[in-house]
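S.K.: Could you have a look at this structure, given as structure tokens, before my questions?
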Amino acid sequence: MNNERIFREALLAALVEHAAHHFEEAAHCAYVNGLQARTLLTNSGRTELRLSLTRPSDGAPCSYRIGALAERGLVLHEKVYGDEVERREASLESIRDSLVEDELAEFFIRATALPLGAMAELPRQQGAA
């Protein structure tokens, strides 16, 4: 098995274990607030997890994607806000619950203008039900 494939498999495992549920919660929070959002986990050809939504203020497409730069053994965190794109390369260890949650919360607030509390309260509300 080559190094790129091993890296993609490690990234997929990290995304499933540490990131996917946060992306799903953010999509649900968007839905609860009247926004359309979707998540997608892909492992065919390239490995990535993506949250896509439409910014309510101007209809611009926004997305947060965590993907593999397998040939370099790195992870790409890419945030798109309409025409503005932010990219940050990081190690595989950047896929930890706390870091993903913080990055996703920052993206969500900037993309939707919803306060951090709207996202932070969601898991507690679900757990209380």
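S.K.: Is at least one residue of segment 37-60 part of a strand (DSSP E or B), of a type in the set (Val, Ile, Thr), surrounded by fewer than 20 Cβ atoms within 10 Å (Cβ to Cβ) and free of Cβ contacts under 8 Å to residues at least 12 places away in the same chain?
M.R.: Scanning segment 37-60 turns up at least one residue that is part of a strand (DSSP E or B), of a type in the set (Val, Ile, Thr), surrounded by fewer than 20 Cβ atoms within 10 Å (Cβ to Cβ) and free of Cβ contacts under 8 Å to residues at least 12 places away in the same chain.
S.K.: Just checking, how many residues over segment 15-32 are under 15 Å from Thr54 (Cα atoms), in contact (Cβ under 8 Å) with a residue 12 or more places away in the chain and over 9 Å from the mean Cα position of the chain (by Cα)?
M.R.: Adding up the residues that qualify gives 5.
S.K.: Condition first: farther than 21 Å from Ala113 by Cβ, assigned to a loop (DSSP other than H, G, I, E, B) and of a type in the set (D, E, K, R). Can you find one or more residues in segment 68-81 that meet it?
M.R.: Among the residues of segment 68-81, not one is farther than 21 Å from Ala113 by Cβ, assigned to a loop (DSSP other than H, G, I, E, B) and of a type in the set (D, E, K, R), which makes the answer no.
S.K.: Restricting attention to segment 61-71, which residues are surrounded by fewer than 17 Cβ atoms within 10 Å (Cβ to Cβ) and either over 14 Å from Ala90 (Cβ atoms) or of a type in the set (Val, Ile, Thr) (or both)?
M.R.: Result: Pro61, Glu71.
S.K.: Which residue is nearest to the chain's Cα centre (by Cα), if the candidates are limited to segment 38-77 and must be under 18 Å from Asp102 (Cα atoms) and of a type in the set (Ser, Thr, Tyr)?
M.R.: For segment 38-77, the residue satisfying everything is Tyr64.
S.K.: Here is a list: Val16, Val32. Which entry is modelled with pLDDT of 95 or more, among the hydrophobic types (A, V, I, L, M, F, W, C) and either surrounded by 15 or more Cβ atoms within 10 Å (Cβ to Cβ) or more than 12 Å from Tyr64 (Cα to Cα) (or both)?
M.R.: None of the other options fit; the residue is Val16.
The values are calculated or read from the model by the stated rules, or taken from the named source; none is laboratory data. Fair warning: this is a prediction, and the values are worked out from it, not measured in the lab. Cβ sites come from the backbone with ideal geometry, for glycine too, and all protein chains shown count toward neighbours.
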